[in-house]
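The values are calculated or read from the model by the stated rules, or taken from the named source; none is laboratory data. All values derive from a computational prediction rather than experimental measurement. For neighbour counting, all protein chains shown are included, and Cβ atoms are generated from backbone atoms with ideal geometry for every residue, glycine included. Surface areas here come from the heavy atoms of the whole protein model, side chains and all, with no ligands, DNA or RNA. Shrake-Rupley method; radii C 1.70, N 1.55, O 1.52, S 1.80 Å.
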Amino acid sequence: QLHLVESGGGLVQPGGSLRLSCAVSGFAVHYYAIGWFRQAPGKEREGIACISSNENNTNYAESVKGRFTVSRDNAANAVYLQMNSLKPDDTAVYYCSADHRFPSTWCPIIPGGYDYWGQGTQVTVSS
């Protein structure tokens with residue numbers, strides 16, 4: 001079984017920053033596209049960012065573009081999501097996901113496109 005474990009969530013004030021990590025095991029992270037998703041209570045799971053396998057091309061939802069940055073550390077076998085200028089509507093459970101089926105040049109931010117998921121980490125943005 002492949003494993004993904006998110007960490008780094010917590011409570012932050014509006015305008016603040018958090019860095020989420022996605023530690024992976026059971027596969028080499030460079031071979032997989034990694035997506036970041038979030039889900040607030042009562043809402044559909046939303047794709048927010050992804051990084052493609054090997055070539056590290058990224059894709060962002062309009063809701064986070066310019067504020068969030070996804071990156072990969074192959075040596076650490078991990079992917080990170082740097083979140084800046086956080087807003088209250090960023091409050092959600094954040095998930096990382098992985099799939100090896102996509103070309104190295106791109107990745108989708110569609111939840112149904114990914115096979116493997118972490119357990120999620122809560123991010124709360126509040127004063």
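Here are some notes:
- F102 sits with roughly 40 Å² accessible to a 1.4 Å probe, with DNA, RNA and ligands left out of the calculation.
- When the solvent-accessible area of segment 62-106 is split by element, carbon and sulfur atoms take up 52 percent of it, the probe being 1.4 Å.
- Accessible area per residue for the chain, computed on protein heavy atoms with a 1.4 Å probe, is 48 Å².
- Simple Cβ-charge dipole of the chain, Lys/Arg +1 and Asp/Glu -1, about Cα centre, in debye nearest 20: 160
- Distance histogram in 10 Å bins (all Cα pairs of segment 1-60, percent per bin): 18, 45, 32, 6
- Once the gyration tensor of the Cα atoms in the chain is diagonalised, the equivalent ellipsoid follows with semi-axes of 23, 14, 14 Å, ordered largest first.
- Within the full protein context, the accessible area of H100 is estimated at about 80 Å² for a probe radius of 1.4 Å.
- Listed peptides 16-23, 73-80 by packing density, highest first (mean Cβ within 10 Å): 16-23, 73-80
- Selected from Y114, V125, I51, residue furthest toward positive end of dipole (the chain; charges at beta carbon): V125
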